[in-house]
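Please treat every number below as a calculation from the coordinates, not as lab data. Small disclaimer: the values here were computed from a predicted structure and weren't measured. With ideal geometry, Cβ positions are generated from the backbone for all residues, glycine too; neighbour counts draw on all protein chains shown.
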Amino acid sequence: MRKLILVLLPLVILLEAGCIRNSQYYLDKGNKLAAQGKYADAELNYRKAIQKNVNSGEAFYQLGLTYMNLRRTPDAYQTLLQASKLMPAREDVAVKLADFCWAVYSSDRRRPQVLFDRVTIISDQLLAKNKNSFDGLRLKGHLASASKRYAEAEEDYRAANAVKPMQPEVILGWAGALFLDGKSSEAEMLAYQLIDRNKTYTPIYDMLYLHYVQSKDLATAEKILRTKIANNPTDAGSVLELAGYYNAAKREADMKATLAPLENNAKAFPQGRLQAGDLYSRLRRWDEALAQYQAGAQANAAKPKDKLVYLKRITDVWIAEGKPEQAEKEVDEILKEEPGEQAATGVKASLLLAGRTADKTAKAVALLKPAVEKNPDNATLHFTLGRALAAQGDTEGARSQFLEAVKRNKTYLEPRLALVELAQARNDYPSALQYANDVLSINPNLGAIRLVRAVAMLNTSGNEAQGRKELAALEKQFPQNHEVLLQTALLDLRDKKFKEAEDQFRKLAQEAPNDLRSMNGLVSAMAADSQIDKAFTMLQEEAKKNPQNAQMRFLLAGVALQAGKPDAAIDQYQQLIKVAPNSAQLYMAMGTAYRAKKDIPDAISSFDKAASLAPKDPAPLVAKADLLQITGKKPEALADYRKALQLKPDNAVLLNNAAYLITETGGDADEAMKMAQKAVQLDNKQPRFADTLGWVYLKKNLPDSAVQAFRGLTEKYPDDPVFHYHFGMALLQKGDKATAKTELQNALTKKPSDEVRQNVQAALAKIG
């Protein structure tokens, strides 16, 4: 009998658990966890409750409240909206949704219309049920005031106040509408009535203070702040506000006296030293901030967690003062107290990056990677790792980390700015436009990013007119700004206004001789105006004046190539390489110069050296492969393309070129077709890719597919001799000699290269 009990007991427990763990079970559990502040765990249980019962309005409601606590605004809106739909009779749910929408609407500079409309709908519904609905009336007051219908707002607030007298939020809104409507005396009277009734509601003091400051009645403004403290003696924020006022008024003694309770009364202000230090930091009074933080750290020596807070602030001060050595000592102490601490790890890595050496950058990456894995939701760590990877030249890895930082912090500007910079470096204008818009949605007043957006628009299809308009607005707003004038000159160059561009670039180059972008623009304007030799001579003179200026020499070498003087370019590159012998960029440029000189062995040697110095960069391999292909060394060229594809397997150009060479060297036609098809999938707007795919079809003896591909190309690009030649060869393979002959003859009339002409003539000879 005992054995039977042992077997049946687990079954009973399972059956009971199955009965208990319904939607209500998870809802109750979520409520308990939420009450304890364990919102992430509460979220999981509310989701399970919804899985058990998709129509549980209460589960959606509680989940929405949890999202509010987690500051996940979009999720909170959607779940509260769903709760309201599932429980239309619950006014408290509708009011909570309306208040949430209004709070988000008021704090968002974009003023999302969808939120305004949702509040309007709810207030209308409340008043339809009860024309004296307190919540309906106060919401109507908010809406009217936001729409600058102040008289209407005043009536709505007055009606709400009649239902529930002297509710702080209503009085605040009502007084605000009165101030905006020019009824200051009435607004003041109402505000003081609320203070008499509710001395702890600090927003009403703030409204009065702002009003008196704007009215330049500083004595009364000060009096309001002092009254606020008298009525809220343990409110540190009020103390700091008055201290800030005295600082602005240059009343040092009064400021010190106001802050004294924060420093001396730890019982009333347990974080007084921290708060006083933060005020001094905001005022950039570093010595006083440091003194407060150090005193706080000493006072909390027996409380490691509290002490860490002060140590972090001390670190921030040292960094702000440009003293990384002292900052690093503090960080090391923090990490000794709490190994792996997130903020300290990030700061330590940032300090290493500030050293700008390969060794310190590698240490920063090694420090950050495990920290990011351990703390995947820390946006700052992702951003700092992105900076470290960018410093190592891993731009894709950096971009990935910046995107992770953005995903985890919707208002974090720094990674967005870094994404803008990366997009600019790649001349990826669509991405630059996207990221610039993202930054400006958070802070619309960043002139430098507005300029980035204007340039991106100018270089993005369909946005050029708006880009010109934006650049003109920036030029009007910042008439002396170097960056704006530089972009204006570049636009003149683009519009072939060579004289205007040349004059502007020359002026900018004189004003900022170390910024070679202006000199580069000047050279480009002169070259476009058929003055390349004059530009070369000018740069030679500039290089003589600044023999140590490597950028000037590099620019001179490039102009020498444009002027058809490869020997002069090679001479400049050789001198630059003496100073920077491990520069892959210089060896790439040297290879290009040797190629222009038709010195193939030295060009290949230079590209090989560049490849050895930059093993993760496919560019040297591609440059060498292109040269090998032109000189008839197709198997060797294909080998380099394969190496490049190992580095960039999804590069359409590499796939296309490798596919073509595989067919030309008698390789695996199936492999070539897969590569060519992938290239077309990656970029179906590039006709050369479609041409290669058609050629592969031809080599695989698939004439119908080849004819279809080449017919489309010749119709769309009738002046390209290569497409006509390939179309003719496809028709010939299909057996249509007459049409093939016509297409081949067409190819000869389109100014083909010598190689194509010889191939066409050979094909015509076979036809007869």
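Mind checking the dipole of segment 384-472: about its Cα centre, +1 per Lys or Arg Cβ, -1 per Asp or Glu Cβ, Debye to the nearest 20?
That gives a dipole near 240 debye.
Explain nothing, just the number: dipole magnitude of the chain about its Cα centre with +1 on each Lys and Arg Cβ and -1 on each Asp and Glu Cβ, in debye rounded to the nearest 20.
Result for the chain is approximately 1160 debye, rounded to the nearest 20.
Restricting to DSSP loop positions (anything but H, G, I, E, B) with no more than 12 other Cβ atoms inside 10 Å of their own Cβ, which trypsin sites (Lys or Arg not before Pro) remain in segment 73-167?
R109, R110, K131, K148
Using only Cα atoms, tell me the angle between helix 429-442 and the longest principal axis of the chain; keep it within 0 to 90° and round to the nearest 10.
The angle comes out near 10 degrees.
Relative contact order, percent, of segment 257-332 when contacts are C-alpha pairs under 8 Å separated by at least 6 residues?
Contact order relative to length: 20 percent.
Beyond 23 Å between alpha-carbons counts as too far, so tell me which of K624/K685; K312/K363; K307/K329; K565/K633; K85/K129; K578/K633 fall in that bin.
In this structure, K624/K685; K565/K633; K578/K633 exceed 23 Å between Cα atoms.
In degrees between 0 and 90, to the nearest 10, how far off the longest principal axis of the chain does helix 286-299 point, with axes built from Cα atoms?
60
Please give the FRET efficiency for A257 paired with T220, using the beta carbon to beta carbon distance and R0 = 22 Å, rounded to the nearest 0.05.
0.60
Given the C-alpha centroids of segment 590-612 and segment 246-322, what is the distance between them in whole angstrom?
For segment 590-612 versus segment 246-322, the Cα centre distance is 62 Å.
Cα centroids of segment 148-172 and segment 84-127: how far apart, whole angstrom?
If you average the Cα positions of each part, the centres end up 18 Å apart.
Counting pairs of alpha carbon atoms under 8 Å apart in space and at least six apart in sequence, what relative contact order in percent does segment 171-210 give?
It comes to 40 percent, rounded to a whole number.
Can you figure out the FRET efficiency of D377 with R90, using R₀ = 45 Å and their beta-carbon distance, to the nearest 0.05?
0.85
Which whole-angstrom value gives the distance between the alpha carbon centres of segment 359-425 and segment 630-695?
34
Exactly which trypsin sites (Lys or Arg not before Pro) in segment 220-250 are in a DSSP loop and have at most 12 other Cβ atoms within 10 Å?
K250
Report, in degrees rounded to the nearest 10, the 0 to 90 angle that the Cα long axis of helix 669-682 makes with the longest principal axis of the chain.
Between the helix axis and the principal axis of the chain, the angle is about 40 degrees.
Could you work out the relative contact order of the chain, using alpha carbon pairs under 8 angstrom and six or more residues apart, expressed as a whole percent?
Dividing the mean separation by the residue count of the chain yields 2 percent.
Run the quick spin-label model on D571 and N427: label points 7 Å from Cα toward the beta carbon, then report their separation in nm to one decimal.
Inter-label distance under the simple model: 2.9 nm.
So which trypsin sites (Lys or Arg not before Pro) in segment 675-712 are both in a DSSP loop and have at most 11 other Cβ atoms within 10 Å of their Cβ?
Answer in residue order: K685.
Taking 7 Å along the Cα-to-C-beta vector as the label spot, tell me the A472-D602 distance in nanometres, rounded to one decimal.
The answer from the label model is 5.1 nm.
Do the sum for the chain: with -39,500 (n - 2.57) for every DSSP H run of n ≥ 4, divided by all residues, what is the mean residue ellipticity at 222 nm, to the nearest 500 deg cm²/dmol?
-25500 deg cm²/dmol
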